[in-house]
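This report refers to the structure that appears directly beneath it.
The values are calculated or read from the model by the stated rules, or taken from the named source; none is laboratory data. From a predicted model like this one, the values you see are computed outputs, not experimental measurements. Cβ sites come from the backbone with ideal geometry, for glycine too, and all protein chains shown count toward neighbours. Remember, those area values only see protein heavy atoms, side chains included, never the ligands or the DNA or RNA. Shrake-Rupley method; radii C 1.70, N 1.55, O 1.52, S 1.80 Å.
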Amino acid sequence: MARLILKPGREKSLLRRHPWIFSGAVHRIDGDPGPGETIEVRASTGAFMAWAAYSPSSQITARVWDFSESARIDVDFFRGRLQRAVEMRAAVLNPSRTHAVRLVHGESDGLPGIVVDRYAGVVVIQLSSAGGFRWRDTLVELLAEITKAQTIFERSDAEVLQLEGLAVSVGLRHGAALAGAVGVEEDELQLLADVEHGHKTGFYLDQRDNRSLLRTLAPGRAVLDCFCYTGGFTLSALAGGAASVLAIDSSADSLAAARAHLELNRLSGAELLEGDVFQVLRRLRDQARSFDVVVLDPPKFAPTAALAQRAARGYKDINLYAFKLLKPGGLLLTFSCSGGLSRELFQKIVADAAVDAGVDAQILRWLGAASDHPVALGFPEGEYLKGLLCRVAPRARRG
Ligand code: SAH
């Protein structure tokens with residue numbers, strides 16, 4: 001078996017159970033491992049550190065499968081990890097609440113580069129590491145065994161594949177072919193997940209709890225849903241009794257899907273607007289429009305830490321306009337799903353936006369992904385979705 005030897009002192013993050021070994025920490029590799037092959041990781045002292053998957057083309061040279069020397073990375077290892085992940089969801093998520101669940105959340109479930117989502121009888125696997133790719137067939141077989149899914153579909157087409165030197169891999173891997181979008185129920189709403197073409201694996205499962213929060217805040221209120229995609233927040237607002245929803249997205253296809261969602265759930269009161277949120281917010285401001293609740297759920301402006309600076313300007317801009325559009329006492333649900341942007345920085349950006357908008361605001365709640373998107377304690381990078389529920393003071397400050 002090939003062996004990776006770390007530079008002196010570079011075992012510290014592994015001792016804290018962080019699963020990534022960056023290329024800069026590698027002293028040398030003995031042997032000639034192929035992409036995704038299991039390698040042994042040792043400190044410069046020779047001490048055993050971990051079993052990991054080798055990623056020759058990535059800046060993350062290896063991702064840890066297990067920290068225990070006695071572990072064996074084989075079918076039973078993956079069966080155990082998958083079962084553990086599935087059991088966690090069964091323990092914390094009420095199955096009568098939703099048919100759409102993230103079953104495996106990568107590193108945070110001890111399965112780096114492996115995401116598995118379930119939409120009723122359809123399971124979607126999304127791989128983003130050489131290790132995941134190497135074990136694809138095993139993972140599909142095990143998922144068929146464990147979940148009894150009618151269909152297993154692969155959606156390994158995330159942007160990060162390029163950085164990993166991996167080719168897109170999409171298609172049916174087990175069972176019956178997909179027949180259009182998959183229907184699921186969540187909090188008594190009918191949802192359609194376009195597993196084949198939709199964002200991520202078809203739906204934003206991570207926002208489940210924030211959708212249900214909006215639902216409780218919505219009664220009688222005028223809601224603005226920015227970056228609405230297929231209308232997740234819009235549906236929840238209307239189901240909760242919102243007086244009106246204005247939903248904005250730049251994608252006509254997403255808005256068509258949102259319209260289908262509204263019809264499927266027999267919900268009315270939403271206006272769907274195609275446009276660039278940055279421009280529409282300014283226009284609404286010029287028209288002196290105002291709202292009781294604004295949702296800002298933009299796409300990833302900062303996929304990496306290097307792009308955080310530029311992204312910060314984008315976040316500041318939309319939050320500034322959202323604050324200006326909120327009535328006194330109004331509520332802002334604002335999110336960032338940029339892995340490269342910390343919670344602290346995001347909060348600072350929102351605070352600066354409030355100052356520039358001339359409003360006083362409080363944080364009522366820190367928001368994040370639902371519990372089927374856990375964050376391993378040793379892997380803070382797992383917390384990609386950050387949000388704030390803010391309330392604008394009842395009377396705006398002068399000036
Ligand atoms: N809130 C959604 C997910 C948002 S995903 C949900 O809960 O399901 C981000 C969305 O922003 C995508 O639908 C994309 O089409 C849209 N988008 C990206 N840039 C945009 C822009 N500048 N203006 C409007 N929409 C944009």
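Summing Cβ point charges (Lys, Arg +1; Asp, Glu -1) relative to the Cα centre of the stretch 137-193 gives a dipole of roughly 260 debye.
Bridges between two residues of the stretch 3-120, per DSSP, are antiparallel at a rate of about 90%. Rounded to the nearest 20, the size of the Cβ-charge dipole of the stretch 176-326 about its Cα centre is 700 debye, with Lys and Arg at +1 and Asp and Glu at -1.
Taking amide H atoms as placed 1.01 Å from N in the peptide plane, the amide H of L273 lies under 5 Å from those of A247, I248, D249, each 5 or more residues away in sequence or on another chain. Using only side-chain charges placed at the Cβ, +1 for Lys and Arg and -1 for Asp and Glu, the dipole size of the stretch 273-378 relative to its Cα centre rounds to 180 debye.
Secondary-structure-derived ellipticity at 222 nm for the chain, considering helices only, amounts to -8500 deg cm²/dmol, per-run term -39500 (n - 2.57) for DSSP H runs with n ≥ 4.
Computed from backbone phi, the HN-Hα couplings of the stretch 145-153 come to 5, 7, 8, 6, 4, 6, 9, 10, 10 Hz, rounded to whole numbers (Karplus: 6.51 cos²θ - 1.76 cosθ + 1.60, θ = phi - 60°; Gly and Pro given as x). DSSP beta bridges fully contained in the stretch 243-399 are about 55 percent antiparallel.
Within the chain, DSSP assigns beta bridges of which about 65% are antiparallel (rounded to the nearest 5). With both labels modelled 7 Å from their Cα along Cα-to-Cβ, the H18 to L377 distance reads 1.7 nm. Seen from all directions on average, the stretch 129-209 presents a Cα convex hull projection of 6.3 nm².
Across the stretch 326-343, coupling constants 3J(HN,Hα) worked out from phi with the 6.51/-1.76/1.60 Karplus curve, θ = phi - 60°, read 7, 5, x, x, x, 10, 10, 9, 10, 10, 9, 10, 6, x, x, 10, 6, 4 Hz, and Gly and Pro carry x. A cut-off of 5 Å between modelled amide H atoms, ignoring neighbours fewer than 5 places along the same chain, links F153 with V123, V124, I125, R173.
The protection proxy used here, the mean number of other Cβ atoms lying within 10 Å of each residue, ranks peptides 250-258, 211-219 as follows, highest first: 211-219, 250-258.
Efficiency by 1/(1 + (r/R0)^6): what FRET value for K7 and T216, r their Cβ-Cβ distance, R0 = 51 Å, to the nearest 0.05? Plugging the Cβ-Cβ distance into 1/(1 + (r/R0)^6) gives 0.50. In the chain, a dipole from Cβ-located charges (positive for Lys and Arg, negative for Asp and Glu) runs towards its positive end, and of N319, V116, L143 it is N319 whose Cα lies farthest in that direction. In summary, the lysines within cross-link reach of K316, defined as a Cα separation below 21 angstrom excluding same-chain residues under 8 places away, comprise K300, K324, K327, K348, K386.
Note that the stretch 381-393 has calculated 3J(HN,Hα) couplings of 4, x, 8, 8, 8, 10, x, 9, 9, 10, 10, 6, 4 Hz, one per residue in order, obtained from phi through the Karplus relation 6.51 cos²θ - 1.76 cosθ + 1.60 (θ = phi - 60°); glycine and proline are x.
Measuring between their Cα centroids, the stretch 207-226 and the stretch 108-138 lie 31 Å from each other. A Förster radius of 51 Å combined with the Cβ-Cβ distance from R282 to L172 puts the calculated FRET efficiency at roughly 0.70. Of the peptides 92-101, 376-385, 198-207, the order by per-residue mean of other Cβ atoms within 10 Å, starting with the highest, comes out as 198-207, 376-385, 92-101.
Spread over its residues, the convex hull of the C-alpha atoms of the chain is 136 Å³ per residue. GNM remark for the chain: springs join alpha carbons under 10 Å apart, and the peak mean-square fluctuation among Q309, Q347, Q126 falls on Q309. The gain in end-to-end length when the L307 to D32 segment is fully stretched comes to 95.6 nm, 0.36 nm per residue minus the alpha carbon separation. Residues whose amide H falls under 5 Å from that of T61, counting only those 5 or more places apart or on a different chain, are I21, F22, S23, with hydrogens built in the peptide plane. In this simple spin-label model, placing a label point 7 Å from the Cα along the Cα-to-Cβ direction at both T138 and R79 gives a separation of 1.2 nm.
With the simple model of a label 7 Å out from the Cα in the direction of the Cβ, D356 to A71 spans 4.5 nm. Using a probe radius of 1.4 angstrom, the carbon and sulfur fraction of the accessible surface of the stretch 260-399 is 50%. FRET efficiency for the K148 to K316 pair, using the beta carbon distance and R₀ = 51 Å, is estimated at 0.60.
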